[in-house]
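Report on one structure; see the data block that follows.
Since every read-out is calculated from the coordinates, none of them should be taken as a lab result. Everything numeric in this text was worked out from a predicted model, so none of it was measured. Glycine gets a Cβ as well: all are built from the backbone with ideal geometry, and neighbour counts include every protein chain shown.
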Amino acid sequence: MQEKIGIAADHAGFELKEKVKEFLEQRGWKVVDFGTESEESCDYPDFAHKLGTAMDSGGLDRGIAICGSGNGICMTMNKHRSVRAILAWNRELAVLGRSHNDANVLCLPARFIETELALELTVVFLDTAFEGGRHGRRVGKIGSGD
């Protein structure tokens, strides 16, 4: 079965989104693009909520969300019950987000990283396994508040 990944960006992340999308397709992922479709100014929550809703419905295995700083789109993604989104701008953050936090959405700061690094972080995010164990207990507490 082909894995499905959703991708979303605002105007600041549009160009990087297109490059990451092409890269993912070359790696064999079925990519569902939630927009935006241009560099025309728009609001990142509109696209983050589309991706988050798709994650909540169970139709996607993972997600990538991109905006200028990565912060706003990450905050919005984490409003969705099934999303554990991380903001990463270096390899270690991507590894820890997956291995310790079982992140299922990678948020990238388009204005602060080069395309080559974004693609490297994408690979790390997709290829790093969740460690489970004590981390599983902690991840289990994220939504409950206990």
(Q) Taking the Cα centroid of the range 113-146 and of the range 9-54, what is the distance between the two, rounded to the nearest whole Å? (A) 20
Q) Just from its helices, what would the mean residue ellipticity at 222 nm be for the chain, if runs of 4 or more DSSP H residues each count -39500 (n - 2.57) and the sum is divided by every residue, rounded to the nearest 500 deg cm²/dmol? A) -12500 deg cm²/dmol
Q: Go ahead and set up a Gaussian network model of the chain, Cα springs under 10 Å, then flag whichever of GLU120, GLU40, GLU18 fluctuates most.
A: GLU40
Q: Identify unpaired cysteines across the chain, taking unpaired to mean no other cysteine Cβ lies under 4.7 Å from the residue's Cβ.
A: CYS42, CYS67
Q) Sorted by mean Cβ packing within 10 Å, highest first, what order do the peptides 71-77, 56-62 take? A) 71-77, 56-62
Q.
Can you tell me what share of the DSSP beta bridges in the chain is antiparallel? A percent to the nearest 5 is fine.
A. 0
Q) Which semi-axis lengths, in whole Å and largest first, follow from the square roots of five times the eigenvalues of the Cα gyration tensor of the range 4-140? A) 22, 16, 14
Q: Determine, for PHE34, PHE23, the number of other Cβ atoms within 10 Å of each Cβ, and report the residues in order from fewest to most.
A: PHE23, PHE34
Q) Length gain on complete extension for the stretch GLU114 to ASP61, per 0.36 nm per residue less the alpha carbon to alpha carbon distance? A) 16.5 nm
**Q.** Over 30 Å (Cα to Cα) - which of LYS21/LYS79; LYS19/LYS141; LYS21/LYS141 fall in this group
**A.** LYS19/LYS141; LYS21/LYS141
**Q.** Unit charges on C-beta of K, R, D, E only; dipole of the range 4-140, Debye
**A.** 800
Q) Which distance in nm do the two modelled labels at ASP127 and SER82 give, with both placed 7 Å along the Cα-to-Cβ direction? A) 2.7
Q: Treat each spin label as a single point 7 Å out from the Cα along the C-beta direction, and report the MET75 to ARG138 distance in nm.
A: 2.4
